[in-house]
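Note sheet for the following structure.
The values are calculated or read from the model by the stated rules, or taken from the named source; none is laboratory data. Keep in mind it's a predicted model, so treat the numbers as computed, not measured. Positions of Cβ are backbone-derived with ideal geometry, glycine not excepted, and every protein chain shown enters the neighbour counts.
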Amino acid sequence: MSKIHHTLSPTRTRAGFLGLVLVAGLVISPAISASAASVDASGLTATVRNSTATASVTVWPAASRTVEEAGICVRDSSGGNVDFPRSGAVWLSTAGTKLTGSANFAGGSYTYWACVKYDSTWIAAGGQKTFQVAPGYKRENLPIGDLPGWKQIFTEDFDAPVARGSFPGPYANKWVSYDGFPDTSHRGDYDQSIISAHDGVLDLNLHTENGRPLGAAPLPLVDGPGQVYGRYSVRMKSDPLPGYGLGFIMWSDAENWSDGEIDFPEGGLDDVAKGFNHCLGDHPERNCYFMPNATTDYTVWHTYTTEWRPSSIKFFIDGMLVGQTTNNIPYKPLHWVMQVATDGGPKPPESWVNGHLLINWVSIYKYAP
């Protein structure tokens, strides 16, 4: 994934969300024309296996037509938009068109229904139902306490809910996020309105809005916000989203790339987790270390840990050492940025790509030999 190297910008929030509006338990959409509203649905059903929910429904328009988007909309218990991936330019036949969706969800209760975008207006077809995802599947307890050689200085398990558009909210004293400017590829934007917190996870809903793919880059504030050396752990998973990637990077407090950059995990969200260490000095664009034999994808919960010491950098997945180097070890203050955005490929994500990266907890330690 290509890197972004920006100073933190003033944050902004944007109320509301694209899609349908929930009022008194009903799904409504203002200013719907009679012709656009003439869509019915039946056979709405969902099955859940572990963390994966799969839903289907059949829709019938009053007249066969191509609509801008069609799929199955989903809201979590706090009203956050967590829709199944939708398809664009869908032909709906009066004989009935079956729509399906599948995605990973955090534990909790979800409301879902058939939704259609026609003439720039979202409408609900048929009624609503709910499905449940067991809360225990994702949980690995947040580690609390010091470790040999490490003093714990930051923890977060995202127990306070935050609706989309309201981040950082109750996390404002510990978190900020890149917001309101293009990502490195300039094919997408950082927009913290895609962030929510629910059911014990931080949720980044990656999708395209108004023709621009949206990402986010949460940043934990530690010692304003960086330090020299440290241990950084995150438990996370993601839908496999082509065109989007992540780079959880250690980046210079002085905004000087030659001070060093450590990246783990990094890679396309439909690929595997990789690790890198950039060269110090005159050629920071070069990688002086690349983690070999990467095989772990992002679709299952894993704990990723970077240990940065004066003499080494080590990468761990679920406590197992997967990479290490003793060359070009940074020695100036760096801070951790959880970048999730377009992956720098030859073209932006397709507009239908819509899914979630979930973070269960974060733990940071100070080097204490």
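State whether the residues of the stretch 353-365 include one that is without any contact (Cβ under 8 Å) to a residue 24 or more places away in the chain and part of a loop (DSSP other than H, G, I, E, B).
no
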Counted residues in the stretch 233-259 being within 22 Å of SER363 (Cβ to Cβ) and surrounded by 22 or more Cβ atoms within 10 Å (Cβ to Cβ) come to 10
Here are some conditions: (1) without any contact (Cβ under 8 Å) to a residue 60 or more places away in the chain; (2) more than 15 Å from PHE131 (Cα to Cα); (3) of a type in the set (D, E, K, R). ARG75 meets all but one. Which one does it not meet?
(2)
What are the residues in the stretch 261-302 that are in contact with a Pro (Cβ under 9 Å, 6 or more places away or on another chain), of a type in the set (S, T, N, Q) and either under 16 Å from GLN339 (Cα atoms) or outside any loop (DSSP other than H, G, I, E, B) (or both), if any?
ASN277
Matching residues in the stretch 64-112 - criterion: being surrounded by fewer than 22 Cβ atoms within 10 Å (Cβ to Cβ) and part of a loop (DSSP other than H, G, I, E, B)
SER64, SER77, SER78, GLY79, PRO85, SER93, THR94, ALA95, GLY96, GLY107
Whether any residue in the stretch 115-137 is outside the structural domain of PRO348 (by TED's automatic domain parsing), among the β-branched types (Val, Ile, Thr) and free of Cβ contacts under 8 Å to residues at least 40 places away in the same chain is what I want to check.
yes
Being closer than 30 Å to TRP308 by Cβ, in contact with a Pro (Cβ under 9 Å, 6 or more places away or on another chain) and not aliphatic (A, V, I, L, M) is the filter; apply it to the stretch 197-223 and report the residue that is surrounded by the fewest Cβ atoms within 10 Å (Cβ to Cβ).
ASP223
State which residue pairs qualify: first residue surrounded by 12 or more Cβ atoms within 10 Å (Cβ to Cβ) and inside the stretch 282-296, second residue part of a loop (DSSP other than H, G, I, E, B) and charged (D, E, K, R) in any location, beta carbons under 8 Å apart, and separation of 6 or more residues or different chains.
PRO284/GLU261
